[in-house]
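Note sheet for the following structure.
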Amino acid sequence: MTFNFIDYLVAKKSVDDRALNRNVLQSLVQHLGPIKALGPLDILDIGAGIGTTLERLVEWNILGNAAYTAIDLQPENIAEAARRLPLWAARLGFRIQQQAKGIFIFQRPHQRISVILHAINAFDFVARKVGLQKWDLVIAHAFWDIVDIPILLPDLLSLIRTDGFYYFTINFDGQTIFLPEIDPSLDREIINLYHRHMDEKTVGDRSVGGSQTGRKLFEQQKLAGGQIIDAGSSDWVVFPHENGYYEDEAYFLHCIVDTIQTALQDRAPFDIYPWIEQRHRQIDQNELVFMTHQLDFLGKNN
């Protein structure tokens, strides 16, 4: 099979919906209340993918009036967001006005959301905005494990208004589990190699958060001038039900297995293909259980 990253992001939405920590989410709602009462929220979504966080905030009645800026490094993700979001908004009863490429206004009774979609490197975007623009809420979803945290985080936090907040979700933290076991020692070796690959990865000349991003963020937020308000686990748990996997979650699982294959095919000191093939078969047969440990954070500047 050939797997597509945009289709993976679509399939991942229901997995993330279940995983997001409800206590941290409720803290976000409570803390945003006084700001929402003053007028439209200015929101920056960094590493926004195809826009599923915006969809979620609206569908869960968390977002009222807002000016929403969504950036992502990949132009194809932003292009898909520009295609997908108007269709989604129409289904929810919004009137849609496109002002320019990547700029939309979604409006329905008692709610107006302006959206700016921008394909740009996060480091470049933040560097351009430091000292010039600030937001009420900065969101980073499943983002910090693929960037250099100590370099980006301080400047990103400086973009938050004095009474604003940040919401960092689905931060991977060192646990990947496949069930049933094929061979305990083999499973452990493959997962360890995969985590090591994450730790050794670089983007350009920058290191990344890696396989223990969640726990690193506790210290890195403090060093960057942030104050944690709430934190909790946001684990992925995907398993077959009576009629198989929910929604497109079988596709999501195939993508996860394919990601491990891509990461290890040239670095594993043994043949990983029998293990990979067996995991794909388990998905097709509605047998595979997949779990990862992740963390969500709500915080503000000190």
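Quick check on my filter: what residues within the range 177-207 are in a strand (DSSP E or B) and under 23 Å from the mean Cα position of the chain (by Cα)? Walk me through it before giving the result.
Pass one, the range 177-207, residues in a strand (DSSP E or B): 177-179, 202-203, 206-207.
Correct list: ILE177, PHE178, THR202, VAL203, ARG206, SER207.
Note on the range 225-244: residues that are of a type in the set (Gly, Ala, Ser), farther than 19 Å from ILE170 by Cβ and not in a strand (DSSP E or B) amount to 1.
Matching residues to (1) more than 26 Å from LEU32 (Cβ to Cβ); (2) among the aromatic types (Phe, Trp, Tyr):
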site	(1), (2)
ALA79	yes, no
GLN98	yes, no
PHE106	no, yes
HIS118	no, no
ALA122	no, no
TRP135	no, yes
ILE151	yes, no
ILE160	no, no
ASP163	no, no
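Among the criteria (1) in contact with a helix residue (DSSP H, G or I) (Cβ under 7 Å, 6 or more places away or on another chain); (2) open to solvent by 60 Å² or more (accessible area, probe 1.4 Å); (3) not in a helix (DSSP H, G or I), the one GLU76 does not fulfil is (3). State which residue is nearest to ASN21 (Cα to Cα) when the search covers only the range 123-176 and only residues that are within 13 Å of the chain's Cα centre (by Cα) and outside any strand (DSSP E or B). In this case the residue turns out to be ALA142. When the range 151-184 is filtered for residues that are over 26 Å from HIS31 (Cα atoms), open to solvent by 70 Å² or more (accessible area, probe 1.4 Å) and out of contact with any strand residue (DSSP E or B) (no Cβ under 6 Å at 6 or more places or on another chain), the ones remaining, listed by number, are ILE151, GLU181.
If I filter the range 185-227 down to residues being among the β-branched types (Val, Ile, Thr) and open to solvent by 60 Å² or more (accessible area, probe 1.4 Å), which single residue comes out as farthest from ASP266 (Cα to Cα)? Give the derivation first.
Within the range 185-227, the subset among the β-branched types (Val, Ile, Thr) is 190-191, 202-203, 208, 213.
When the remaining residues are screened for being open to solvent by 60 Å² or more (accessible area, probe 1.4 Å), the result is 202-203.
Working: THR202: 17, VAL203: 19 Å.
The qualifying residue farthest from ASP266 (Cα to Cα) is VAL203.
The numbered conditions (1) touching a strand residue (DSSP E or B) at 6+ places or on another chain (Cβ under 8 Å); (2) open to solvent by less than 40 Å² (accessible area, probe 1.4 Å); (3) of a type in the set (A, V, I, L, M) are all true for VAL237 except (2). Check the range 36-59 and report whether any residue there is crowded, with 21+ Cβ neighbours inside 10 Å and more than 22 Å from TYR167 (Cβ to Cβ). No, the range 36-59 has no match at all.
Among all positions in the range 11-18, there is at least one residue which is open to solvent by less than 10 Å² (accessible area, probe 1.4 Å), more than 27 Å from VAL126 (Cα to Cα) and out of contact with any strand residue (DSSP E or B) (no Cβ under 9 Å at 6 or more places or on another chain).
So, LEU57, is that one under 15 Å from HIS141 (Cβ atoms) and either of a type in the set (S, T, N, Q) or at pLDDT 95 or above (or both) or not? If you could, list the steps in order and put the result at the bottom.
Numbers: under 15 Å from HIS141 (Cβ atoms): yes; either of a type in the set (S, T, N, Q) or at pLDDT 95 or above (or both): yes.
So LEU57 passes the test.
Looking only at residues of the range 240-276 that are acidic (Asp, Glu) and farther than 23 Å from LYS12 by Cβ, we find that the one that is surrounded by the fewest Cβ atoms within 10 Å (Cβ to Cβ) is ASP266. Listed by first and then second residue, the pairs linking a residue in the range 267-288 that is farther than 18 Å from SER185 by Cβ to a residue that is open to solvent by less than 90 Å² (accessible area, probe 1.4 Å) and in a loop (DSSP other than H, G, I, E, B), with Cβ atoms under 6 Å apart and 6 or more places separating them unless they lie on different chains, are GLN282/LEU288; ASN286/PRO240.
Would you mind finding the one in ALA37, ALA11 that is at pLDDT 95 or above, at negative phi and small (Gly, Ala, Ser)? Show your work before the answer.
Values: ALA37 fails: at pLDDT 95 or above.
Testing whether each residue is at pLDDT 95 or above, at negative phi and small (Gly, Ala, Ser) leaves just ALA11.
Residues that are over 18 Å from the mean Cα position of the chain (by Cα) and buried (at least 19 other Cβ atoms within 10 Å of the Cβ): does the range 98-112 have at least one? So far as the range 98-112 goes, yes, one or more of its residues are over 18 Å from the mean Cα position of the chain (by Cα) and buried (at least 19 other Cβ atoms within 10 Å of the Cβ). For the range 100-113, the condition of being in contact with a strand residue (DSSP E or B) (Cβ under 7 Å, 6 or more places away or on another chain), closer than 29 Å to SER234 by Cα and in a strand (DSSP E or B) holds for at least one residue.
The values are calculated or read from the model by the stated rules, or taken from the named source; none is laboratory data. Here the structure is a predicted model, which means the values were calculated and not measured. Every residue, glycine as well, gets a Cβ built from its backbone with ideal geometry; the counts of neighbours run over all protein chains shown. We work out accessible area using only protein heavy atoms, side chains counted, and drop any ligands, DNA or RNA first. Shrake-Rupley method; radii C 1.70, N 1.55, O 1.52, S 1.80 Å.
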